[in-house]
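The values are calculated or read from the model by the stated rules, or taken from the named source; none is laboratory data. Just so it is clear, the structure is predicted and the values come from calculations on it, not from any experiment. All Cβ positions, glycine included, derive from the backbone under ideal geometry; neighbour counts span all protein chains shown.
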Amino acid sequence: MEEPGEIEIILPDGSRRTYPRGVRAADVVRDIGPRLARDAIAVKLDDEILELFRTLDRGGRFVVLTWKDEEGRYCYRHTAAHVLAQAVKRLYPDADLAIGPPIDDGFYYDIDLDKRLTPDDLEAIEAEMRRIIAEDLPLERFELPREEALRLMEERGEPYKIELINDLGDDQVISFYRQGEFVDLCRGPHAASTGRIKAVKLLNVAGAYWRGDENRPMLQRIYGTAFESEQELQEFLWRREEARRRDHRRLGPELDLFHFDDVAPGYAFWHPKGTIIYNELVRLSRELQSRYGYQEVRAPDILKTDLWRISGHWEHYRENMFLIEDEGTVYGVKPMNCPGHALIFKARTRSYRDLPLRMAEYGHLNRFERSGTLHGLLRARGFVQDDAHLFVREDQIEDEILHCLALVDEIYGRIFEMDYSIDLSTRPDDFMGDPALWDRAESMLASALERAGRSYRVAEKEGNFYGPKLDFHMVDSLGRRWQCATVQLDFQMPQRFDLVYTGEDGREHRPVMIHRAIMGSLERFIGILLEHFAGAFPTWLSPVQARVIPVAADYAGYARQVRDRLAGRGLRAEVDERNEKVGWKIRQAQLEKVPYMLVVGAREAEAGTVAVRHRDQGDLGVMPVDALVDQLAAEVESRSLRPRVGAEGAD
RNA sequence: GCUGGCGUAGCUCAGCAGGUAGAGCACUCGAUUCGUAAUCGAGCGGUCGCGGGUUCGACUCCCGCCGCCAGCUCCA
């Protein structure tokens, strides 16, 4: 029991300890264990994160935060950001500090400085940071009343900090952190000393607006990262380098899949090999959707503005649309398929028996994206979605959402074996319709997720103008997250288009529309896959599935026979008849990420066999052409991610 | 769109105090007929992103535009 003058804390394992009131957090941590004391970055008392130098004046649930905790990393990198700011101030005393928070992979600090920082400057700043770390300056926290806080920042000549203080509410504590000669307005929390930072690296510098507002001054944002050990830092840098190496904008043209040209910013030119991948994905989508009860349609690309006014796009999406004028009439190029589908729904009377009606379209969409936002295939102006609109009765919504979840699982889980997380995006500021309806729609999405037993995160105000949505973020082989699939509820469009169906009661009822895409934009999806697989697509997606390599010109005839056998089973095979040595052809095929290389010479031609080599597994030995064709066809038909040719491939 | 950087052969890049461009790979041809990641030789290829200006002369300096890259903002 807690005595007066004592506090009781509860550790994560449920054990309880008492300490004198006012004990330092660091002393409690040291008392728990020396190992933990070394790893500790900060502590958490109930829901409040405190520095190790703070004193505890109440008890509660007590957790020691280390590098393993997201909150621990956050504190650690937040302090690293302060070290950065301190280094900048030492080297450039006239720099004005803005904000410097930790972010997922590191931290940044926005500063206002007349001199433009170069990579060399970053190195100098980094060297200064190391000095500050070596100085092992203890951090100290203090609070000031508003007037004194303003005076302090006035003295130190920090206009951005003054603005921040002025914007703080009256109920908010104004706290500062000091380390050596450096003082920063900051909410915290932090590590206890600059010496706690083990490995730092400044990464780059880029422009960023003060408070993200393009009408405000442009500041210089210095990005950096910090890790618990030099080794982890090196691993991070390697991953970054690997991501650069896998960049789809580099791999795509290199593998002859697509290219971009100045004459069409934001639009890919799909080469034959890229088009094969594109078409394979559409084929997969068609197969699954037809199994899931979808019907495919095709709606016009260019529609009068009358249509876009009805749909609400004119009001909410016009700046993202390409407009065409002809004979005084303005047309909009479709950025979304939904209005077209609404018109197809409306083209005849619909019965409740028709619902849910699932309308799919691989329509080409054009969106005018601002030039600075384009990013290869991942952010294009022209793309195709595996898009569909589901027209459902209100009582079918949850089941339809579950039906969508199953399809997402099928593609991401079963076919690509990628993990994903789900966001529920709620009503944005620029919304259409009745807030009460929004609330209901949001709760329907939540309850569907709960029924499916899926965990999710709520993304406030991230919904579309016409309804709340679920966004699915895939995790690729480098741990990066990408948004692809989306499921969006829409009560607005049916109303605006006056969509109705005849119910069992013989009266007219309003359907609900669900917009959904699974792969999302095929362009983006291919870009992500390209980076995920580093160009080495699974065999079913590979533009060239097998390359037959005759060891000399004499065996080209046999090589062609092998190719024809493969082609006869619908496999994509070709012969490398160039006048080169085997080693060279192998190298070429490896670089092109061709999954199977089939070497043929006198022995193979004689026996009706091929010597099989897989791009990752190397030499798989010699096997009869029949067996190879069967196994390869099985691998492709099952859309296997792994090679299934060879001894253990026969399962 | 905004801030900064960049734009030389199909690709990767060199070059220049301003004196009208060079390498490797790719491609073509020739020789070689070859057994699992680079055979040798020759040839072809550039109004140095586009347009203006300064200059006797501009790939090089200046201005404008286009595109790309890193961010900001926005998003499938």
Task: Criterion (out of contact with any Gly (no Cβ under 7 Å at 6 or more places or on another chain) and within 16 Å of RNA strand B (Cβ to nearest atom)) met by exactly one of A:GLU319, A:GLU327 - done: A:GLU319
- [ ] Identify, from the list A:ILE397, A:ILE401, A:ILE411, A:ILE422, the residue that is within 22 Å of A:TRP540 (Cβ to Cβ) and either part of a helix (DSSP H, G or I) or within 16 Å of RNA strand B (Cβ to nearest atom) (or both).
- [x] A:ILE411
Task: Search result, residues across the stretch A:22-49 that are of a type in the set (Asp, Glu) and outside any loop (DSSP other than H, G, I, E, B) - done: A:ASP27, A:ASP31, A:ASP39, A:GLU48
TODO: Go through the residues of the stretch A:85-98 one by one and say whether even a single one is in a loop (DSSP other than H, G, I, E, B), in contact with a helix residue (DSSP H, G or I) (Cβ under 8 Å, 6 or more places away or on another chain), of a type outside the set (Val, Ile, Thr) and on the phi < 0 side of the Ramachandran plot.
DONE: yes
Task: Residue among A:ALA567, A:ALA627, A:ALA634, A:ALA589 that alone is surrounded by 20 or more Cβ atoms within 10 Å (Cβ to Cβ) and either under 38 Å from the mean Cα position of the chain (by Cα) or part of a helix (DSSP H, G or I) (or both) - done: A:ALA589
TODO: Residue by residue through the stretch A:287-310, note down the ones that are touching a residue at least 24 places away in the same chain (Cβ under 8 Å) and either among the small types (Gly, Ala, Ser) or in a helix (DSSP H, G or I) (or both).
DONE: A:LEU288, A:GLN289, A:GLY293, A:ALA299, A:THR305, A:LEU307, A:TRP308, A:ILE310
Task: Checklist (1) outside any strand (DSSP E or B); (2) within 16 Å of RNA strand B (Cβ to nearest atom); (3) at pLDDT 90 or above; (4) touching a Pro at 6+ places or on another chain (Cβ under 8 Å) applied to A:LEU530, failing item - done: (4)
TODO: Name the residue, out of A:PHE431, A:PHE491, that is free of Cβ contacts under 8 Å to residues at least 60 places away in the same chain, closer than 30 Å to A:ALA347 by Cα, within 13 Å of RNA strand B (Cβ to nearest atom) and over 16 Å from the mean Cα position of the chain (by Cα).
DONE: A:PHE431
Open item on the list: Condition first: among the charged types (D, E, K, R) and either more than 11 Å from RNA strand B (Cβ to nearest atom) or touching a Cys at 6+ places or on another chain (Cβ under 9 Å) (or both). Now tell me which residues in the stretch A:553-608 satisfy that.
Closed with: A:ARG560, A:ARG563, A:ASP564, A:ARG565, A:ARG569, A:ARG572, A:GLU574
- [ ] Scan the strands (runs of 3 or more DSSP E) fully inside the stretch A:313-384 and keep the ones with 2 or more residues being in contact (Cβ under 8 Å) with a residue 12 or more places away in the chain, closer than 16 Å to A:PHE497 by Cβ and more than 22 Å from the chain's Cα centre (by Cα).
- [x] A:357-361
Open item on the list: Take residues that are surrounded by fewer than 21 Cβ atoms within 10 Å (Cβ to Cβ) and of a type in the set (S, T, N, Q) and tell me which of the strands (runs of 3 or more DSSP E) falling wholly in the stretch A:134-196 contain 2 or more.
Closed with: none
Task: Of residues in the stretch A:459-479 being exposed (fewer than 15 other Cβ atoms within 10 Å of the Cβ) and in contact (Cβ under 8 Å) with a residue 60 or more places away in the chain, the one nearest to A:TRP238 (Cα to Cα) - done: A:LEU478
TODO: Output the number of the condition that A:ALA448 fails; it satisfies all remaining conditions of (1) within 25 Å of A:SER311 (Cβ to Cβ); (2) touching an Asp or Glu at 6+ places or on another chain (Cβ under 8 Å); (3) among the hydrophobic types (A, V, I, L, M, F, W, C).
DONE: (1)
Open item on the list: I want to confirm something. Restricting to the stretch A:453-483 and keeping residues that are of a type in the set (Asp, Glu) and either under 25 Å from A:GLY527 (Cα atoms) or near RNA strand B (Cβ under 9 Å from one of its atoms) (or both), which single residue is modelled with the highest pLDDT?
Closed with: A:ASP471
